[in-house]
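To keep things clear, I will list the structure first and then write my remarks on it.
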Amino acid sequence: MKLWGGRFTKETNPLTDDFNSSIHFDHILYPYDIKGSIAHAQMLGKQNIISEAESRVIVSGLKEILSDIEEGQVEFDVSAEDIHMNIEKLLIDKIGEVGKKLHTGRSRNDQVALDMKMYVKDQIQSIDKMLKNLQQVLYEMAMEHIDTIMPGYTHLQKAQPVTLAHHLTAYFEMFKRDRLRLQDCYKRTNVMPLGSSALASTTYDLDREMVADLLNFDSITLNSMDGVSDRDYAIEFLSALSMIIMHLSRFSEEIILWCSDEFDFIKLDDEFSTGSSIMPQKKNPDIAELVRGKTGRVFGDLIGLLTTMKGIPLAYNKDMQEDKEAVFDGVKTLSMCLPIFTDMVKTMKINKKSMYLGAKKAFTNATDAADWLVKKGMPFREAHGVIGKLVLTCIEKNKNIEDLTLAEFNEISSVFDESIYDDITIEACVNNRKVLGGPSPDAMKKVLDINKKYLMES
Ligand code: ARG
């Protein structure tokens, strides 16, 4: 018979068991469910809602169940619906009648809210660690490539020279914000819902603060109806994960471009590449492509849960069981993507020469040539026009700007003199961008110092 079977006269249809039960995915919540139940039982004992002796029996029963599960001795039962009732049933089987007292003053509604919050808190910490590892790798690569000049793009057209360090620290900044988002979500997840019970709280004199303390929550929820039906934290978490994988996807796209023959900026390590079943010469960036591809499913997890939650009346409704697979899938996907992506980036070989030559092409020093005219007193908009003409001449003559003779410069404007050449070398274009946030080695070193401190402190 079901734990809730009292008012039923028939067994559930096997289709109902299969459809309704969540044990095949929520079983991963068992450590949280057991920890939460232990705290609840200890509190019930301390409050004399059950006796201290009963509380102790329940707690040791729960601890045994934890090790039974960990040793692979437990087979969950689909007719017991979910992890919460499976564990309660195991407890009653193990310790008998007293096990039936565990659920006093509690509902599965606040129980599942508690378990999920504990799970999300743990996952936030674990994903944050993975992000930090990636940042560490980016920091070390940036340190190595302060002087590695490469083209910077807008519209995927060569725009101005930057450095590889500058490019990589752009991602470092994105991951900083991602980590802040996770930490922020953590704060709102860190509010303990137990005591909300089914929806209207409970008539027992529960010590909710004690449970919060035992389970390392910062505070307790202040409205029992919200306590059982809030899934904002799960949505926020999926939104933070979506942002992370969106960043990984942009980076993946660049890696895919960079290792193409057209760019030839990097070579991926064999360990993180794959071959073709027909074309013997091929080496494909499957890992980066898969990370880019998996972005779609994490966005799907987010949009799925948002859509599930829209239009659900207060308080708990079974729709909310759908939060689990979305959140679990988001976690699983990021937990797979982040470590492999980190190792792939760490082991890729940089083709400095190709980056440098790429940066020299396509008149990436045109802005600097215009800036030189401005320094000579020409208004910027006029200088822009002069250099535009200069570029046209270069295209006709198939030359770079720096390869024009002074006479050719002067045909366009008499203002040019020999010193123009110093300002339009590719190195000068990078080195003169000294403003904080820019690519010059001077500016970059300052930012890398800040990032080093950040890594030590965060
Ligand atoms: N398995 C359910 C879930 O994940 C637990 C809560 C069920 N509560 C209920 N009253 N049916 O949401």
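The values are calculated or read from the model by the stated rules, or taken from the named source; none is laboratory data. Keep in mind the model is a prediction, meaning the values are calculated, not measured. Here Cβ is always computed from backbone atoms with ideal geometry, including for glycine, and neighbour counts include all displayed protein chains. Side chains included, ligands, DNA and RNA excluded: accessible areas come from the protein's heavy atoms. Shrake-Rupley method; radii C 1.70, N 1.55, O 1.52, S 1.80 Å.
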Original post:
List pairs: first in the stretch 176-200 and part of a helix (DSSP H, G or I) and at pLDDT 95 or above, second within 16 Å of the ligand (Cβ to nearest atom) and open to solvent by 60 Å² or more (accessible area, probe 1.4 Å), Cβ under 7 Å, 6+ apart or cross-chain?
Top reply: ARG188/ASP232
Original post:
What pairs come up if the first residue lies in the stretch 312-326 and is open to solvent by 40 Å² or more (accessible area, probe 1.4 Å), the second is within 7 Å of the ligand (Cβ to nearest atom) and part of a helix (DSSP H, G or I), and their beta carbons are under 7 Å apart, counting only those six or more places apart or on different chains?
Top reply: TYR316/ASN109
Original post:
Which pairs have Cβ atoms under 6 Å, sit 6 or more apart or on different chains, and link a residue in the stretch 67-95 that is outside any helix (DSSP H, G or I) to one that is exposed (fewer than 15 other Cβ atoms within 10 Å of the Cβ) and not β-branched (Val, Ile, Thr)?
Top reply: VAL74/ASP68
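Kindly check whether there is at least one residue in the stretch 135-144 that is polar (S, T, N, Q) and either assigned to a helix (DSSP H, G or I) or touching a His at 6+ places or on another chain (Cβ under 7 Å) (or both).
Residues of the stretch 135-144 polar (S, T, N, Q): 135-136.
Then drop every residue that is not either assigned to a helix (DSSP H, G or I) or touching a His at 6+ places or on another chain (Cβ under 7 Å) (or both), which leaves 135-136.
Scanning the stretch 135-144 turns up at least one residue that is polar (S, T, N, Q) and either assigned to a helix (DSSP H, G or I) or touching a His at 6+ places or on another chain (Cβ under 7 Å) (or both).
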Original post:
Which of (1) within 16 Å of the ligand (Cβ to nearest atom); (2) assigned to a helix (DSSP H, G or I) is the odd one out, the single condition ILE312 does not satisfy?
Top reply: (2)
**OP:** Under 7 Å between Cβ atoms, at least 6 apart or on separate chains: pull out the pairs that start in the stretch 374-399 with a residue that is of a type outside the set (Gly, Ala, Ser) and end on any residue that is not in a helix (DSSP H, G or I).
**Re:** LYS376/VAL415; MET378/VAL415; VAL386/SER413; VAL391/PHE363; CYS394/PHE363; CYS394/ASN400; CYS394/LEU404
Subject >> In the stretch 77-97, the residues that are under 13 Å from ILE65 (Cβ atoms), within 40 Å of the chain's Cα centre (by Cα) and of a type in the set (Asp, Glu) >> reply: GLU88
Original post:
Does the stretch 225-241 hold any residues that are open to solvent by less than 10 Å² (accessible area, probe 1.4 Å) and assigned to a helix (DSSP H, G or I), and which are they?
Top reply: GLY227, VAL228, TYR233, ALA234, PHE237, LEU238, ALA240, LEU241
Original post:
Could you list, in sequence order, the residues of the stretch 49-76 that are open to solvent by 10 Å² or more (accessible area, probe 1.4 Å), among the small types (Gly, Ala, Ser) and either within 15 Å of SER37 (Cα to Cα) or under 32 Å from the mean Cα position of the chain (by Cα) (or both)?
Top reply: SER60, SER67, GLY72
Original post:
Only one of LYS129, LYS100, LYS121, LYS117 is part of a helix (DSSP H, G or I) and buried (at least 21 other Cβ atoms within 10 Å of the Cβ); which?
Top reply: LYS117
Original post:
Can you tell which of GLU144, GLU97, GLU140 is more than 16 Å from the ligand (Cβ to nearest atom), charged (D, E, K, R) and closer than 20 Å to ILE38 by Cα?
Top reply: GLU97
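How many residues are in a helix (DSSP H, G or I), open to solvent by less than 60 Å² (accessible area, probe 1.4 Å) and under 20 Å from ASP343 (Cβ atoms) when one looks only at the stretch 277-297?
Residues that pass the stated criteria total 7.
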Original post:
Restricting the search to the stretch 442-458, which residues are free of Cβ contacts under 8 Å to residues at least 24 places away in the same chain and touching a His at 6+ places or on another chain (Cβ under 9 Å)?
Top reply: ALA443
Original post:
Taking the stretch 154-172, which residues are assigned to a helix (DSSP H, G or I) and either of a type in the set (Gly, Ala, Ser) or open to solvent by 70 Å² or more (accessible area, probe 1.4 Å) (or both)?
Top reply: ALA165, ALA170
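Residues are listed down the side, and each one gets a yes or a no for (1) in a helix (DSSP H, G or I); (2) under 30 Å from ALA288 (Cβ atoms):
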residue: GLN321; (1), (2): yes, no
residue: ALA326; (1), (2): yes, yes
residue: VAL331; (1), (2): yes, yes
residue: MET336; (1), (2): yes, yes
residue: PHE341; (1), (2): yes, yes
residue: THR364; (1), (2): no, yes
residue: GLU382; (1), (2): yes, no
residue: GLY385; (1), (2): yes, no
residue: LYS389; (1), (2): yes, no
Original post:
Do you know which residues across the stretch 255-276 are free of Cβ contacts under 8 Å to residues at least 40 places away in the same chain and open to solvent by 80 Å² or more (accessible area, probe 1.4 Å)?
Top reply: ASP261, GLU262, ASP270
**OP:** Please state which one of GLY72, GLY61 is among the small types (Gly, Ala, Ser), at positive phi, out of contact with any Pro (no Cβ under 6 Å at 6 or more places or on another chain) and more than 16 Å from the ligand (Cβ to nearest atom).
**Re:** GLY72
**OP:** Out of the residues in the stretch 391-425 that are open to solvent by 80 Å² or more (accessible area, probe 1.4 Å) and not in a helix (DSSP H, G or I), state the one that is farthest from ALA362 (Cα to Cα).
**Re:** SER414
